[in-house]
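One structure, as structure tokens, below. Some questions next.
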Amino acid sequence: MRFLQRNRATTVVNPLAHLSDDELVAEHCESGANSHFLSEMVRRLMRSNERLSTWLLVFTVAIFLLTAVLLWAPLKPSPTDARGSSWVLWVEPPTESNRWSFPRASQIAFSRREDCERAAEEENDKQFKLLLERRKTGQGSVVSQGTLRCFPDTVNPRGPKRK
């Protein structure tokens, strides 16, 4: 420890610093209950408790921060939608067959329901016009890709997986 004394720093040396813990206890037992050996043992114990308290505080703060992050993450709104879900374009060829799959479209996932429904409507109209055109020109039978519909990304129109 350092004490300031008339603008001069002097170092106070602990005369018991050279003793191990076991030697300190042995000296204390020989000298009686009211000795400077007891004070040194208490000082060393307090220093070890300070380190332990510091580490416990660090771990407590780390656990608090981890808990806060884990609780905040599910509550954070998704950037895709206010409700937190995306929308996926599905096709069912032929209609009412319950054989859902992803269509051959340039984009099948959308962040908003309105965008997905607009794309489904445009694709359905395009297929219908192509079907009418081929029937008029007599280019043979044309099989429709099926009707496109939008579902949230949490819904699988094929139903639950079988085990």
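Which order do the peptides 51-62, 146-157 come out in when sorted by mean C-beta neighbours inside 10 angstrom, highest first? Mind dumping the intermediate values first?
Details: 51-62: 9.9, 146-157: 15.9.
Highest-to-lowest ranking by the protection proxy: 146-157, 51-62.
Let me ask something else. With a 10 Å Cβ neighbour count serving as the proxy for reagent exposure, in which order, fewest first, do TRP87, TRP100 appear? Mind dumping the intermediate values first?
Numbers: TRP87 23, TRP100 16.
Least crowded to most crowded, the residues run TRP100, TRP87.
Here is a follow-up. So how do HIS36, HIS28, HIS18 line up by other beta-carbon neighbours within 10 Å, fewest first?
Numbers: HIS36 12, HIS28 17, HIS18 7.
So the ranking, lowest neighbour count to highest, is HIS18, HIS36, HIS28.
Quote to one decimal, in nm, the extra length available between ASP153 and SER97 on full extension: 0.36 nm per residue of separation minus the C-alpha distance between them.
Details: separation 56, 0.36 × 56 = 20.16 nm, distance 2.10 nm.
Fully extending the segment from ASP153 to SER97 adds 18.1 nm.
Something else now. Would you mind checking the stretch 49-74 for residues with the amide N under 12 Å from a putative spin-label position 7 Å along Cα→C-beta of ASP21?
Within reach of a label on ASP21, which here means backbone N under 12 Å from a point 7 Å along Cα→Cβ, the stretch 49-74 contributes 49.
Then there's this: What does the net charge come to around GLU117 if you take all other residues with beta carbon closer than 12 Å to its beta carbon, with K and R at +1 and D and E at -1?
Its environment carries a net charge of -1.
How much FRET efficiency would the formula 1/(1 + (r/R0)^6) give for SER111 and THR11, where r is the Cβ-Cβ distance and R0 is 41 Å, rounded to 0.05? All intermediate terms of the calculation are to be shown ahead of the outcome.
On the way: r = 68 Å, r/R0 = 1.67.
Taking R0 as 41 Å, the efficiency between SER111 and THR11 is 0.05.
Which distance in nm do the two modelled labels at LEU130 and SER39 give, with both placed 7 Å along the Cα-to-Cβ direction?
My value for the distance between the label points is 9.5 nm.
Another one. FRET efficiency for ARG162 and VAL61, Cβ-Cβ distance as r, R0 = 41 Å, nearest 0.05?
That pair, ARG162 with VAL61, gives E of 0.30.
Only the coordinates and a few stated rules stand behind these numbers; no lab work does. Please read all numbers here as calculations on a predicted model, not as lab measurements. Ideal geometry is used to build each Cβ from the backbone, glycine not excepted, and the neighbour counts take in all protein chains shown.
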